Amino acid sequence: MSAKKRSPLTAVWDFFCSLKLTIVTLILLASTSVIGTVIQQNLSPREYLRVYSETTFRILSDLDFFDMYHSWWFLSLLALFAANLIACSIKRFPRVWKTVKNPVLAPEDTLYRTFSNFEELLVKDSADEARQKLEGFLARSFAAPVVTEKDGKIHLFAQKGAYARFSVYITHLSILIIFAGAILGSLWGFKGYVNIPEGQQVSQVWPRNGNTPIDLGFAVRCDSFAVSFYPGTARPKEFKSVLTILRNGKPVPGLDHHSIIVNKPLTYKGITFYQSGYGPSGSPTLGLQVKVRASGATREVSIEKGEQVPLSGGAQLRLVDFTSSFQNYGPAAKLEVLPPSGQPRSFVILKNFPDFDAQRGGDYIIRLTDFQQHYFTGLQVAKDPGVWVVWLGCLFLVLGSISAFYLSHRRIWVTIQPVGKKTGIKLGGSAHRNQPSFALFFDEFKKNLKSEMTS
């Protein structure tokens, strides 16, 4: 009957304050987050089509599973959870505030019967003498008490850690701050990529899954790129870019020839450049030593792929192909000698085996002495104006969690009343968290109190 009389606003309020809503929302957030873990996010359509069929790709794309953390349904779940969190906090806050700011100073006997930590004793002291002893004992052993007299009884109330009850609200606030930072980064931030050949500069980056470049407002130049490999392999050990930030065509002080490597990015005006990849840019330039077998005359030449250089006797030398790692033999080049007449002759030379070509038996003995390969650097570019908001939320989350788990609101009530020619003392205490620890404290407290009152 009472449910039928609820107004629509009350029904909506009760819905957002529901614990069931909290549980369901958390389950949905956890379940959908698994999708973001299983399905790699923010790849190009071509990369997804290597894994999924075209039909599956379209279905997953329509459901925003490839960028789910920015999808409308995931953000709606976050907003629903935030609304639930705010409503629950508002609903419970007045009661907590009342408990902290307006505690029960003159408890009834019914309150004492609810305590699991309770003690009664009779002393020969008068009520005033007992109060003086108890005031001093509480101040020394626990906290300074508040004294209240009512109906011929003297009540003492002491508490510690009252504001620990608000730690849960610090945790709630931290979650909302983290959500706000994430939304801020989603709306006004971006993640993109850019490839910069050595010696060139760019002022725009391409967002993931976007067709319109983003203007940085400044330029980034790749001064040089270097990569080192594990010995005997083509597996990169470390690759490093040397970047310069240009503002109005001039280097920004402190950001001229700045080196970045993986996990050591460069940040300027809130935009961070991460080293993510590299690749060859253009054909390598090879250094060759050409020796005429008959005369022993030697000359040094530089050549690029497809280029021809003249040799003595009217022949031509052409670079057909080059690889920095040929079947674990190291750098190798495929060359072709074009004589003035007759058929061209092709062969392979190896940098790590300089005398290899001498066994070929041709008119020329050629060695691969050096090669210079230019690269482009692949950079991930990210701007997230909400990152410091998220870090602030994480700080509050840590502080709130520490306070919630390690701090407790502990209270002790003492009632003094005449009992015949003696004075009766009722003692009770409670803690809103970590009850076993408080029980141990209260047992020691009772023991010392009895000793104090009988001394």
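The values are calculated or read from the model by the stated rules, or taken from the named source; none is laboratory data. Computed from a predicted structure; not experimentally measured. Note: ideal-geometry Cβ built from the backbone for every residue, glycine included; neighbour counts use all protein chains shown.
Below is a table of values for the structure above.
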quantity	calculated
Filter result for the condition that a residue is in a strand (DSSP E or B) and in contact with an Asp or Glu (Cβ under 7 Å, 6 or more places away or on another chain), over S346, S241	S346
Elements of type strands (runs of 3 or more DSSP E) in region 368-452, at least 1 residues being farther than 30 Å from G279 by Cβ and at pLDDT 90 or above	410-419, 422-431
Out of S259, S276, sole residue that is in contact (Cβ under 8 Å) with a residue 40 or more places away in the chain, under 28 Å from the mean Cα position of the chain (by Cα) and not assigned by TED's automatic domain parsing to the domain that holds F356	S276
Checking I365 against (1) among the hydrophobic types (A, V, I, L, M, F, W, C); (2) outside the structural domain of P107 (by TED's automatic domain parsing); (3) surrounded by 15 or more Cβ atoms within 10 Å (Cβ to Cβ); (4) out of contact with any Lys or Arg (no Cβ under 7 Å at 6 or more places or on another chain), the condition it does not meet	(4)
So L85, is it closer than 22 Å to I175 by Cα and surrounded by 11 or more Cβ atoms within 10 Å (Cβ to Cβ)	yes
Of all residues in region 271-293 being in contact with a strand residue (DSSP E or B) (Cβ under 6 Å, 6 or more places away or on another chain) and among the small types (G, A, S), the one that is surrounded by the fewest Cβ atoms within 10 Å (Cβ to Cβ)	G279
Lone unmet requirement of (1) under 30 Å from R165 (Cβ atoms); (2) in contact with a Leu (Cβ under 8 Å, 6 or more places away or on another chain); (3) of a type outside the set (S, T, N, Q) for F66	(1)
Residue selected from region 171-211 under the condition aromatic (F, W, Y) and outside any strand (DSSP E or B), by the criterion farthest from F396 (Cα to Cα)	W188
S116 being modelled with pLDDT of 90 or more, loosely packed, with under 15 Cβ neighbours inside 10 Å and under 46 Å from the mean Cα position of the chain (by Cα)	yes
Options S302, S341; residue that is hydroxyl-bearing (S, T, Y) and out of contact with any strand residue (DSSP E or B) (no Cβ under 8 Å at 6 or more places or on another chain)	S341
G161 being at positive phi and either under 36 Å from the mean Cα position of the chain (by Cα) or hydrophobic (A, V, I, L, M, F, W, C) (or both)	yes
Considering residues of region 33-54 that are within 28 Å of S76 (Cβ to Cβ) and outside any helix (DSSP H, G or I) only, the residue modelled with the lowest pLDDT	S44
The listed residue being in contact (Cβ under 8 Å) with a residue 60 or more places away in the chain and closer than 25 Å to V381 by Cα, out of L85, L75, L49	L75
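Results for (1) touching a residue at least 60 places away in the same chain (Cβ under 8 Å); (2) of a type in the set (D, E), shown as yes or no for each residue.
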position: W188; (1), (2): yes, no
position: I196; (1), (2): yes, no
position: Q204; (1), (2): no, no
position: G217; (1), (2): no, no
position: E238; (1), (2): no, yes
position: S241; (1), (2): yes, no
